[in-house]
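These notes concern the structure reproduced below.
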Amino acid sequence: MTAKERVHAALRREPVDRIPIFMWYHPVTVRRLEGDLGIPPGRLSEVLSDDVRQAWVGNNHAMEGITHEREGESHTDCWGIEWVKVGPFNQIRRSPLEVADEASLRGYEYPYACVAELLSAMEPLSPLTRDYFIGCDISPCLFEMVCRVRGMEQAILDLAARRDLAATMLSETAAFQRHLAAEACSRFALDWLWTGDDVAGQQAMLMHPRVWREMVRPHLESIVQIGKRNGLWVAYHCCGALLPIIPDLVEIGVDVLNPIQSNCPGMDAARLKAEFGAHLSFMGGVDTQHLLPHASASDVFRETRRLIELMTCDGGGYILAASHTVPPETPRENIFALYRAAGVSEEEILDRAADVRERERKSAGESMET
């Protein structure tokens, strides 16, 4: 099966040759694996047989898609958010509306003029559409996006004390996200629309579920429906303990939930599969806090096999992924054990790395001759 066929079949609960895979790695982990395998930057997903190819076109591109070489380097994105490199990631140094007056808050303009630039991140994926499952990530979509432009503390206070203002900002945010999603769906051959909004913490929701249903759900549904009208699967990412709103996600048409942080209350993978597996597919669940970085390779293999069997007990509806980015301290043998549990052997990975090196060598030789 091609990667595209494999993911579509798994989401339809049809037989697959192996479980589909979509892994995220800490940037330091990526560089280490590329060095270990002797491959050039940007080829790790190919070598590891990941089935999904996806690009950020929303504000997550500013956080993860723009890289700086030196600590403390910064940039300001088209939302007016200032980012600074802290360790391997960009962190928000200044939110444009954190100390704004009400006129400035209500007059804030989303970056419609930058949509073409944002969507250009999808262009490198165009040659891959025949063989790979292609995703477009427009996250963060709603409350999390408001937090970035307003500052999290102010955004939460607005929900509690300035409900009309919070409603206006969420409405304007949703309008921009719908435009971005519609443009992405019209311009690119997609397989799913990836949405996301971190509205939960490690122990509970960041807001009462009733508030989420009143203030956020209608806007999220309007975004989800753009994907559905275009015949796409719709995935939703939210870290943390979001159990209270999972039935709502099913109702509004979400197809895939990520990342399944089983250490959070209510998010046990077995429980989620039992309660929602008939209507919702899942992606994630491999623990990155204890199992991957600290357990033995045999433990990683055994627990990953157990997770796959559990999450495919109805014949499918699962994409193998970690519960977060795979941290730098994860031993290489543990990563290989995870892939082996999914049906991808270390020998296959090393052979593909050798193929990539050989193609790079030939390409370099041809360039020198011309």
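Nothing in this text is a laboratory measurement; each read-out follows from the coordinates by a stated rule. Small disclaimer: the values here were computed from a predicted structure and weren't measured. All Cβ positions, glycine included, derive from the backbone under ideal geometry; neighbour counts span all protein chains shown.
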Item to check | Alpha-carbon centroids, the range 254-280 and the range 164-217: separation in whole Å | outcome: 20 Å
Checklist entry - Placing +1 at every Lys and Arg Cβ and -1 at every Asp and Glu Cβ, with all other atoms neutral, what dipole size does the range 63-151 have around its Cα centre, in debye to the nearest 20? => result 100 debye
Checklist entry - Using θ = phi - 60° and the Karplus form 6.51 cos²θ - 1.76 cosθ + 1.60, what ³J(HN,Hα) does each residue of the range 317-329 get, whole Hz, x for Gly and Pro? => result x, 8, 10, 5, 7, 7, 6, 6, 5, 6, x, x, 7
Next on the checklist: Nearest 10 degrees is fine. How inclined is helix 163-187 to the longest principal axis of the chain, computing both from alpha carbons?
Outcome noted: 40 degrees
Checklist entry - For a label point 7 angstrom out from the Cα of Arg359 toward its Cβ, which stretches of the range 53-86 have the backbone nitrogen within less than 17 Å? => result 53-54
Item to check | Residue of Gly240, Gly42, Gly316 that the Gaussian network model of the chain assigns the largest fluctuation, springs spanning Cα pairs under 10 Å | outcome: Gly42
Next on the checklist: If each DSSP helix of 4+ residues adds -39,500 (n - 2.57) and the sum is divided by the residues in the chain, what number results at 222 nm, nearest 500 deg cm²/dmol?
Outcome noted: -13500 deg cm²/dmol
Checklist entry - Any idea how far the Cα center of the range 62-137 sits from the one of the range 307-336, in Å? => result 28 Å
Checklist entry - Hey, got the dipole for the range 207-267? About the Cα centre, +1 on K and R Cβ, -1 on D and E Cβ, debye to the nearest 20? => result 80 debye
Checklist entry - Taking Cα atoms, how many degrees apart are the long axis of helix 27-37 and the longest axis of the chain, rounded to 10 and kept between 0 and 90? => result 10 degrees
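Could you size up the charge dipole of the chain around its Cα centre, putting +1 on the beta carbon of Lys and Arg and -1 on that of Asp and Glu, and report it in debye to the nearest 20?
480 debye
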Checklist entry - Taking the mean number of other Cβ atoms within 10 Å as a proxy for protection, how do you rank 146-153, 272-279 from highest to lowest? => result 146-153, 272-279
